[in-house]
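Throughout, read-outs are computed from the coordinates displayed, never taken from laboratory work. The structure presented is a predicted model; accordingly, all values stated were derived computationally and were not measured. Methodologically, a virtual Cβ is constructed for each residue, glycine included, from the backbone with ideal geometry; neighbour enumeration extends over all protein chains shown.
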Amino acid sequence: MKIIAYGIREDEKPYVAEWQEQHPDVQVKIVEELLLDSTVDQAEGFDGVVAYQQAPYTDNVLKTLAGYGIHYLSLRNVGVDNLNPVAVKENDFKITNVPVYSPAAIAEFSVTQLMNLLRRTKEYFRKFDRRDYRWAPEISQELNQQVVGVIGTGHIGQVAIDIYKGFGAKVIAYDKFHNPELEKEGLYVDSLDELFAQATVVTLHIPLFPETENMLNKEAFDKMNDGVFIVNASRGPLIDEKALIDALDSGKVAGAALDVLVDETKVFNHNMAGKNMDYPEFWNLESRGNVLISPHTAFYTNVAVENMVKQSLDANLSLIQTGASDHEVKFN
Ligand code: COI
C-alpha cells in the first residue's frame, strides 16, 4: 500500500515518521509541495493521497488523480470548502477529513483573542512601544459582564461555551442543530436576530457554506448592540469585510478578532516581508488598535498537528483497505 502526503511541513514530519513506524507495511511518500496541477503527477502509482492546503483542489487535480486510478483523498484538516463537490462526485472520490483534531485549540484561541480585545492589549502594547505608560483612555471591559453569542455549537463551539461559562459570562447560542445538553441548559435562542439583539460578543464557530457566506453583513451588524465585539476563527468569508469596516467606523463594532480573512490564501502562512500586498481591507483592519488579525493560527498546536497527521493517514489507509472510513465527508 502506498500513500502520498502532499504539503507536509517540517513540524508534521516527526508525526508522519511515528505513524510510519507503526505501519511498516505502508509506504508513505512525503512531498513538501501542495497538491496542484503542477505537482499532481507525483501521485501516479499511489493508492491514496493525503493533503492539507488552503488553496483550492482544482477540478483538474481530481480528474488527473482519477485517471491514475486514485479515488481516495484524505484531508488533514476539517474544512472541505476548497473542494468542488461536483468534481468530487464526477471523479468518484471518497474524501475524508479530520473532524475533531483539537476543538480546544481553536476554542482557547478564540477566547484568548476576545480577552485581548476586552483588555485592549494591542492598544496598550502600541502605547508601550512609544514609552507612553498612561492608563487612560483605554479602559477595559470584563469578560464576566458579557453576553457571549456563540454561533455554531459543534465540537469547537461547545468547548468555547464551557470556557466562557467558566469565566462567568452569560452564554447564548444559535445553531440549526441543537445539542441536547445545551438545550437542557436553555442556551439556545430561536433565531440569529435574537442572538444579535442580546449579545455583546458574537463569536463564529460554523463552517463556510453558500448559505453562511457573508452571514455577518451590513444587515446583521445593524441588528447588533452598539459596541459589540466580533470573533472569527472559522472562515473569512463568513464576514463581509467592507461591512465590518463600516461598522468599526461607526462604533457599532467595538473590536474584532479575526484569525481568518476573505482573501487570506494570498497572505497567510507566507513570509510577506518586503512584498507588495494588494489587499486594502487587510491594511485597513490591520491599522486599527481594536482589530486583532492573526494568520489562521488558532488550530496550530502540537496536539492538533499530531492528530491531523495521524488521523488523516489512518483514514486514508482505511479507505484503501476497506473502501470506507468513519471520517468520510458526504457532499450533497
Ligand atoms: C481547518 O481545519 O479547516 C482549519 O481551518 C485549520 C487549517 C488552517 C489547518
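Observations on the model:
- Residues 131, 120, 235, 126, sorted so that the one with the fewest Cβ neighbours within 10 Å comes first: 131, 126, 120, 235
- The stretch 174-216 shape via C-alpha gyration tensor axes, a/c threshold 1.5: oblate
- Under 28 Å, Cα to Cα: Lys pairs in the stretch 76-181, sequence gap 8 or more or different chains: 5
- Stokes-Einstein diffusion coefficient of the stretch 103-293, Kirkwood radius over Cα pairs, 25 °C, 0.890 mPa s, in µm²/s: 143
- The peptide list 210-218, 60-68, 154-162, put in order of mean Cβ contacts within 10 Å with the highest first, becomes 154-162, 60-68, 210-218.
- Rounded to whole Hz, the Karplus (6.51, -1.76, 1.60) HN-Hα couplings of the stretch 325-332, x for glycine and proline: 7, 5, 9, 5, 9, 8, 9, 6
- Database remark: amide H of residue 229 closer than 5 angstrom to the amide H of 201, 202, 254 (H placed geometrically; neighbours at sequence offset of 5 or more, or on other chains; Pro and chain starts carry no H).
- Set of lysines with alpha-carbon distance to residue 310 below 17 Å, sequence-local pairs under 8 removed: 2, 13, 29
- Intensity falloff of the stretch 1-143 expressed as log10 I(q)/I(0), Debye formula with alpha-carbon point scatterers, at q = 0.19 Å⁻¹: -1.09
- For the stretch 25-36, backbone phi angles converted through the Karplus equation (6.51, -1.76, 1.60; θ = phi - 60°) give residue-by-residue couplings of 7, 9, 9, 10, 9, 8, 10, 7, 5, 6, 8, 10 Hz, Gly and Pro being listed as x.
- With bins 20 Å wide beginning at 0, the percent of Cα pairs of the chain falling in each bin runs 29, 53, 17, 0.
- Set of lysines near residue 218 by C-alpha distance (under 17 Å), chain-local residues within fewer than 8 positions excluded: 242, 252
- The chain: DSSP helices with Cα axial extent of at least 18 Å and average Kyte-Doolittle hydropathy no lower than -0.5: 103-118, 302-322
- Note on the chain: with a GNM built from Cα contacts shorter than 10 Å, the maximum mean-square fluctuation among 250, 110, 294 falls on 250.
- Debye intensity ratio I(q)/I(0), log10, the stretch 62-160, q values 0.17 Å⁻¹ (C-alpha model): -0.86
- Residue-wise HN-Hα couplings along the stretch 218-235, as the Karplus relation 6.51 cos²θ - 1.76 cosθ + 1.60 with θ = phi - 60° gives them from phi, are 3, 4, 5, 4, 4, 7, 7, 5, 4, x, 6, 9, 10, 10, 9, 10, 10, 9 Hz; Gly and Pro carry x.
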